Amino acid sequence: MIKIAITGGIGSGKSVVSSVLRMMGIPVYDADSESKSLLVRDKNVRSQLIALLGTEIYDETGALNRSKMSSMIFNDKDLLAKVNAIIHPAVRLDFDEWVKQQKTNIVAFESALVYESNLASYFDGVLMVCAPLETRIERAIQRDSSTRELICSRIKNQLPDEVKLERSTWTIYNDDVHAIIPQVRRLLLLIDKK
């Protein structure tokens, strides 16, 4: 089974490319939504987070207090690294279990943090989804109902696109100039020849 990672900066259109892949019969694991789920449903992750951040990050119903956790780790890179050291291995294990259930010869893993979480070598190749910076900012502002300042702050916390592009195996441009579906078709042909 061929495992590919899909990455790209905020607002680049990773989810659009993932949707096209799903339409073409390729299952895609959404690491962002699955990691949020693991924070609540994985007892090991919960106990490690409580030990690190305190019991107040979960409320009396067991729901994660996301704003509390975010406020604790947002400006503390050491604490963020410790939280990621709990979450990233759990996501990878969950992905491994998910892969076992798939019946296709190609599966995909969508995550903005493939390189930041040192997962790239785990895959047969990494697909970088690119879009111009201003386009990405505008998309993220609309999607997240956020401010330009917050989006730019989040972009600064991600590995620069130039670095990701240099390290990636394939590239898809989601720039409102290049059509995505033909690019995905070409990608799948390349992967099939691997």
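The values are calculated or read from the model by the stated rules, or taken from the named source; none is laboratory data. Predicted model only: the values in this text are computed from it and were never measured. Glycine also receives a Cβ, built like all others from the backbone with ideal geometry; neighbour counts cover every protein chain displayed. In case anyone asks, the SASA skips ligands and DNA or RNA and just uses the protein heavy atoms, side chains included. Shrake-Rupley method; radii C 1.70, N 1.55, O 1.52, S 1.80 Å.
Below, the figures for the structure above:
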quantity	calculated
Yes/no for Asp78 being more than 23 Å from Ser168 (Cβ to Cβ) and open to solvent by less than 40 Å² (accessible area, probe 1.4 Å)	no
Any hit, the range 154-162, residues being open to solvent by 20 Å² or more (accessible area, probe 1.4 Å), within 18 Å of Ile2 (Cβ to Cβ) and over 16 Å from the mean Cα position of the chain (by Cα)	no
Answer from Val83, Val107 - the residue that is at pLDDT 95 or above and open to solvent by less than 30 Å² (accessible area, probe 1.4 Å)	Val107
Tally of residues being under 17 Å from Ala90 (Cβ atoms) and in contact with a Leu (Cβ under 8 Å, 6 or more places away or on another chain) across the range 6-35	1
Number of positions in the range 60-107 that are outside any helix (DSSP H, G or I) and of a type in the set (Lys, Arg)	1
Residue ID - most open to solvent (accessible area, probe 1.4 Å), chosen from residues in the range 138-153 that are among the charged types (D, E, K, R) and within 17 Å of Asp176 (Cβ to Cβ)	Arg143
Yes/no for Lys3 being assigned to a helix (DSSP H, G or I) and of a type in the set (Lys, Arg)	no
Close pairs (6 angstrom Cβ cut-off, 6 or more residues apart or separate chains): farther than 13 Å from Leu53 by Cβ in the range 75-94, at pLDDT below 90 and not in a helix (DSSP H, G or I) anywhere	His88/Ser117
In the range 25-74, the residues that are open to solvent by 50 Å² or more (accessible area, probe 1.4 Å) and either in contact with a Cys (Cβ under 7 Å, 6 or more places away or on another chain) or touching a residue at least 40 places away in the same chain (Cβ under 8 Å) (or both)	Asp32, Glu34, Asn44
Complete set of residues in the range 163-180 that are assigned to a helix (DSSP H, G or I) and open to solvent by less than 40 Å² (accessible area, probe 1.4 Å)	Lys164, Ile180
